[in-house]
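Student: Take a look at this one; I'll ask things after.
The values are calculated or read from the model by the stated rules, or taken from the named source; none is laboratory data. Bear in mind that the values here come from a model prediction, so they are computed numbers and not experimental data. Cβ atoms come from the backbone with ideal geometry, glycine included; neighbour counts cover every protein chain shown. We work out accessible area using only protein heavy atoms, side chains counted, and drop any ligands, DNA or RNA first. Shrake-Rupley method; radii C 1.70, N 1.55, O 1.52, S 1.80 Å.
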Amino acid sequence: MPGLLFHIQKLLFQDFLRSFGKLWWLTILLAAVVAMGALLYSIKSYQPMYKAEATFTVETYNPTQSGYTFFYDNRTAAQLALTFPYLLDSDLLLERVKADMGVTVLNGTPRATVIANSNLFTLSVTGKDPQAICDMLQSLIKNFPAVAEYVIGKIQLNMIDYPELPTAPYNST
């Protein structure tokens, strides 16, 4: 029985090679058609996306020193790193940003990135309209400390890299 199975497999493989030898051009034509279709789809569905970002440090309020101080405590930095992205998605912050901008719908997606073991954060907003995302980023920066106060106490953001109006999409080739 194993010999018969091997013989059948051999015949099938020989038939495949013979058919491929006659129809190899069809494989290349099919690959070219699929590649052209994928190219046309990507061209037709392309949406330019813009990104505005700002990098800043976070200072916490220290009542014993009557002011804001940089924190280097890894536990506090880790806590802020965990809560920062959730605060960006909170209804409280997003509603304040909408009211500040005078809109009912935000045309951008905020994202926070924390540089590990530091008090450096990058806040970015991506979207289709460069002016709208730049305005949204400015409003997030303005309103974030007041909302964060409920969760992590008084904080102050110190800009290192200021937001700029994007001039070119980040997803272009």
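Student: Residue by residue through region 141-157, note down the ones that are within 21 Å of Met101 (Cα to Cα), among the aliphatic types (A, V, I, L, M) and in a helix (DSSP H, G or I).
Tutor: The answer is Ile141, Ala146, Val147, Ala148.
Student: If the Cβ limit is 8 Å and pairs must be 6+ apart or interchain, which residue in region 80-106 that is farther than 18 Å from Asp135 by Cα pairs with which residue that is in a loop (DSSP other than H, G, I, E, B) and open to solvent by 60 Å² or more (accessible area, probe 1.4 Å)?
Tutor: Final answer for the pair search is Ala81/Ala116.
Student: Something else now. In the set Thr69, Thr76, which member is out of contact with any Asp or Glu (no Cβ under 7 Å at 6 or more places or on another chain) and at pLDDT below 80?
Tutor: Values: Thr69 fails: out of contact with any Asp or Glu (no Cβ under 7 Å at 6 or more places or on another chain).
Every option except Thr76 fails the conditions.
Student: Moving on. Could you count how many residues in region 133-173 are open to solvent by less than 30 Å² (accessible area, probe 1.4 Å) and under 10 Å from Ala52 (Cα atoms)?
Tutor: Matching residues across region 133-173 total 6.
Student: In addition: If you go through region 107-120 one residue at a time, how many are open to solvent by less than 80 Å² (accessible area, probe 1.4 Å), in contact with a strand residue (DSSP E or B) (Cβ under 7 Å, 6 or more places away or on another chain) and touching a residue at least 12 places away in the same chain (Cβ under 8 Å)?
Tutor: Matching residues across region 107-120 total 6.
Student: Let me ask something additional. I'd like the full set of residues that are of a type in the set (Gly, Ala, Ser) and more than 12 Å from Val147 (Cβ to Cβ), limited to region 80-104.
Tutor: First, the residues of region 80-104 that are of a type in the set (Gly, Ala, Ser): 81, 90, 99, 102.
Hits for region 80-104 are Ala81, Ala99, Gly102.
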